[in-house]
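All remarks here apply to the structure that follows.
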Amino acid sequence: MTLDLEFVRSQFPAFSEPSLEGQAFFCNAGGSYACAPVIDRLTRFYRARKVQPYSAYEASRLGGAEMDEARTRLSARLGVAEQELSFGPSTTQNTYVLAQAFAEWMAPGEAIIVTNQDHEANSGPWRRLAERGIEIREWKVDPATGHLDPAALADLLDESVRLVCFPHCSNVVAEINPVPEITAIAHAAGAFVCVDGVSYAPHGLPNVGDLGCDIYLFSAYKTYGPHQGIMVVREPLAELLPNQGHWFNGDSLPKKFTPAGPDHAQIAACAGMADYLDALEAHHGGASAHDMMRAQEVALTQPLLDWASDRNDLRLLGPVEAERRAPTVALDLGRAARPVAAALADHGIMAEGGDFYARRPLDAMGVDVSKGVLRLSFVHYTSHDDVTRLIGALDKVL
């Protein structure tokens, strides 16, 4: 079903904000606009529920109920049990906490596989465990394309590997990795699987149960919500790992990997993400939000990929087919990217240049990290007119 863009944009207050009028937003991979239900819930919590939750008095009871609602509805969207979903201050922090749990659970000499396609958040915390006697093995990308070959993973697996970590898609390469296939390979070798979904989830929440992985992490603030990290740890693995929270909370899976007190208001506001997806599907007669988002984004991305592929003064990172990637387009310009992003701002294009904490994949593909890449990232609320304006502005600036 064709996405009703007018309806979609009506759900995001940013599109009626006078200070943003005439601006085309292409920094979505760094953080998307928040949808109205999230903003409304956050405002209501701060106005009427900003008390310690889960007590008997009304404001406290309602605050706790809203927090529980967020977990219930998002876990249902993700195809997992409620107790398997945790909230934390960020995906980086959630990954760090998980790494500490694995460090306590694993024995020296056992191994973790990481990739050099990852954002540093799903690479650095695991790599640091080498200091504690854990062997770190690197699954390397093809330096020409940035592609992760599932067949190459088998050569790294043996009976000592306990965990395989990789992204659902990279925040600069953007190729969508075949999570079920990779997970099956790792599970066959007796290893658990951790997937960084930060760069995929904004383009349609996946059914984590169908993916089969043991850990799935993403960021609410890149998925139309507040600044929270959302983490799924499937119950069989969660029960094996040692408690990282207060000792008396060790039997509660949602608290077991949340050592710091969570932001109550933002957790409650995360239910607004489910509100938006429900409204989107209802408006379109029950069609899948995930599928509609992907169809819209593929149609928007291909013209930009075609434009980039036709030029000989830049290098497009990742696949040239929109169906194989997320709509996050990184361009190696052979020169510093940030001044180009600044020049685009004069044309009403909001974009950014830099390394985006993806120094390992950029270095692996021969990109000068000091110059970085120009990253143009959009989501389903981006319009065809935005993309046309972007290409016109790029022609002028480059």
Rounded to the nearest 500, the 222 nm mean residue ellipticity computed for the chain from DSSP H runs (n ≥ 4, each -39500 (n - 2.57)) alone is -11000 deg cm²/dmol
Just tell me which aspartates and glutamates come within less than 15 Å, Cα to Cα, of Lys255; anything on the same chain fewer than 8 places away is out. Asp68, Glu82, Glu84, Glu235, Glu239, Asp263
Can you tell me how segment 140-260 classifies by the Cα gyration tensor, rounded, prolate or oblate, using a/c under 1.5 as the rounded cut? oblate
How big is segment 42-274 by the Kirkwood estimate over distinct Cα pairs, in Å? 18.1 Å
Among all the lysines, which ones have a C-alpha under 30 Å from Lys371's C-alpha, if same-chain residues fewer than 8 places away are not counted? Lys140, Lys222, Lys396
With the chain treated as a Gaussian network of Cα nodes joined by springs under 10 Å, which of Ala351, Ala184, Ala70 yields the largest mean-square fluctuation? Ala184
Quick query: amide H of Arg325 versus all other amide H atoms, modeled in the peptide plane; which residues come in under 5 Å with a sequence gap of 5 or more or a different chain? Ile176
Whole-Hz Karplus ³J(HN,Hα) for segment 144-154, in order, using 6.51 cos²θ - 1.76 cosθ + 1.60 and θ = phi - 60°, x for Gly and Pro? 7, 10, x, 6, 9, 8, x, 5, 6, 5, 4
Exactly which chymotrypsin sites (Phe, Trp or Tyr not before Pro) in segment 35-100 are in a DSSP loop and have at most 16 other Cβ atoms within 10 Å? Tyr54, Tyr57
Distance in nm between Ala81 and Leu240 label points, each 7 Å along Cα→Cβ, equals 1.6 nm
Which of the GluC sites (Glu not before Pro) across segment 1-90 are loop residues per DSSP, with 12 or fewer other Cβ within 10 Å? Glu21
Count the net charge of all other residues whose Cβ sits under 13 Å from the Cβ of Glu181, scoring Lys and Arg as +1 and Asp and Glu as -1. -2
What residues from segment 286-316 fall in the zone where the backbone N is under 20 Å from a label point 7 Å along the Cα-to-C-beta line of Met1? 286-300
At a 1.4 Å probe, what is the % contribution of carbon and sulfur to the accessible area of segment 42-274? 52 percent
Would you mind telling me which residue in Gly334, Gly204, Gly318 has the biggest mean-square fluctuation in a Gaussian network model of the chain, where springs connect alpha carbons within a distance under 10 angstrom? Gly334
Shape call, the chain: gyration tensor on alpha carbons, a/c limit 1.5: oblate
Per residue of segment 300-308, in order, report the coupling 6.51 cos²θ - 1.76 cosθ + 1.60 (Karplus, θ = phi - 60°) as ³J(HN,Hα) in whole Hz, putting x for Gly and Pro. 6, 6, 4, x, 5, 5, 5, 4, 5
Going residue by residue through segment 91-106, the Karplus relation 6.51 cos²θ - 1.76 cosθ + 1.60 with θ = phi - 60° gives ³J(HN,Hα) values, rounded to whole Hz and with x marking Gly or Pro, of 5, 4, 5, 4, 5, 4, 4, 4, 4, 5, 5, 5, 4, 6, 7, 7
Within segment 42-274, percent of DSSP bridges classed antiparallel, to nearest 5: 40 percent
Which of Pro206, Pro242, Pro18 moves most in a GNM of the chain, Cα contacts under 10 Å? Pro18
Over the alpha-carbon set of segment 234-383, work out the extent along each principal axis and list the three values in angstrom, largest first. 60, 44, 31
Quick check for you: with a 1.4 Å probe and neighbouring chains kept, what is the accessible area per residue of the chain, in Å²? 39 Å²
Kirkwood Rh, Cα atoms: Rg over Rh of segment 79-178: 0.97
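The values are calculated or read from the model by the stated rules, or taken from the named source; none is laboratory data. As the structure is a prediction and not an experimental result, all values here were calculated from the model. Virtual Cβ from ideal backbone geometry, glycine too; neighbours counted across all protein chains shown. To get the accessible areas, we keep the full protein, side chains included, count just its heavy atoms, and leave off ligands, DNA and RNA. Shrake-Rupley method; radii C 1.70, N 1.55, O 1.52, S 1.80 Å.
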